[in-house]
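Structure, as structure tokens:
Just so it is clear, none of the values below were taken in a lab; they were calculated from the coordinates. No experiment lies behind these values; they were computed from the predicted model shown.
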Amino acid sequence: MEDAEKGSQQHPDSVPEVGEDAVTSVSPASPPPPMTEEEQQELQEELVKVEDEIQTLTQVLAAKEKQLADIKRKLGITPLNELKQNFTKTWQEVTTSNAYRRTSETLSQAGLKASAAFTNVGTAITRKLEDVRNAPTFKSFEEKVETLKTKMTPAASTTDPGDQDRGSPTSETLLSPPEGSPTQDTPMN
């Protein structure tokens with residue numbers, strides 16, 4: 001760093017190198033060295049010449065841009081088509097990049113692991129439900145529901161529709177417990 005400071009102090013007009021500290025490249029503004037009238041004349045002529053070249057290049061660029069637009073128009077290339085092509089090209093570059101590939105692989109592995117975890121949870125729940133269904137308490141409850149269901153379903157009658165009221169179970173028969181079934185006096189297991 002000391003060498004850089006010495007170099008910039010010796011040559012105040014030098015361009016700072018990449019990475020050179022901004023503080024070392026800033027020096028107090030010094031007046032330009034005195035020039036002769038002939039040197040000023042030459043610089044003025046050079047300035048006019050460079051400005052003319054810039055103007056010419058600007059005109060050439062504008063002509064080339066117009067030519068480009070005409071060629072695209074003749075080929076049927078619209079700004080929307082260009083946008084689509086740019087998007088497709090960019091997407092292709094993204095999908096072939098290492099970062100995208102690694103991220104995709106990581107997400108795929110995470111998805112597989114999550115899927116396996118959900119499968120394990122589903123299997124465990126299924127086993128637990130089977131255990132509950134095979135339990136004696138559930139079996140007893142299931143039998144009671146089945147018995148109630150058969151009592152609630154009217155038997156198919158072969159009598160005429162007018163006799164249907166006499167053949168239908170009454171509320172008393174529906175509420176009475178079936179024979180052999182536990183009543184309120186007998187405890188359930």
Original post:
Measuring from centroid to centroid over Cα atoms, what is the spacing of region 74-124 and region 49-69 in Å?
Top reply: 43 Å
**OP:** State the percent of C-alpha pairs, over all pairs in region 37-77, separated by a distance greater than 14 angstrom.
**Re:** 64 percent
Subject >> lysines whose Cα lies under 21 Å from that of Lys89, excluding same-chain neighbours fewer than 8 positions away >> reply: Lys72
**OP:** For region 53-103, just say rounded, prolate or oblate: build the C-alpha gyration tensor, square-root its eigenvalues into a ≥ b ≥ c, call rounded for a/c under 1.5, and beyond that prolate if a/b exceeds b/c, oblate if not.
**Re:** oblate
